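Here's the structure, in C-alpha cells; my notes come after.
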Amino acid sequence: MTAPSVQAKDGQLGSEVLSHAGESYKGVEDPAYISYDRALRAYVVERINKEFGVALNPKTYSGFDLLEIEAFLKCKKANEPVEDFLKGFPKHP
C-alpha cells in the first residue's frame, strides 16, 4: 500500500507528513502506516480549520476521510450544511 502525498495551497507539505514520502506499507496495521495516518489527520484537520473554519477531531476520521471532507468543503454550496455531509462518514474511536 502506498499513500499519496498531501500538498497545501502554498506548496508546503506538513513536515510530519513529508517524512513518510515514498514509504510503502504492509497494511493498515503497519506501525509506519499508523504513524503516517496520524500525521495526515493532524495536518488535514489543521488545514480544514484554517481554510474553512470547520473544527474537526483528528481522532474521529481517517486521513483519507478527511481528504474527502476537505474536497467537499471546497465545492459545496454556501447553504449546504456540513453536519449532514459528515454523518456519512464512519466514526473511528
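For the reader, a short list of remarks on this structure follows.
- With both labels modelled 7 Å from their Cα along Cα-to-Cβ, the LYS74 to LYS59 distance reads 2.9 nm.
- Cβ crowding within 10 Å averaged over residues, with 48-57, 69-78, 34-43 ranked highest first: 34-43, 48-57, 69-78
Computed from the coordinates by the stated procedures, all read-outs in this text should not be read as laboratory data. All values reported here derive from a predicted model rather than from experimental measurement. Quick reminder, even Gly has a Cβ in these numbers, built from the backbone with ideal geometry, and neighbours come from all protein chains shown.
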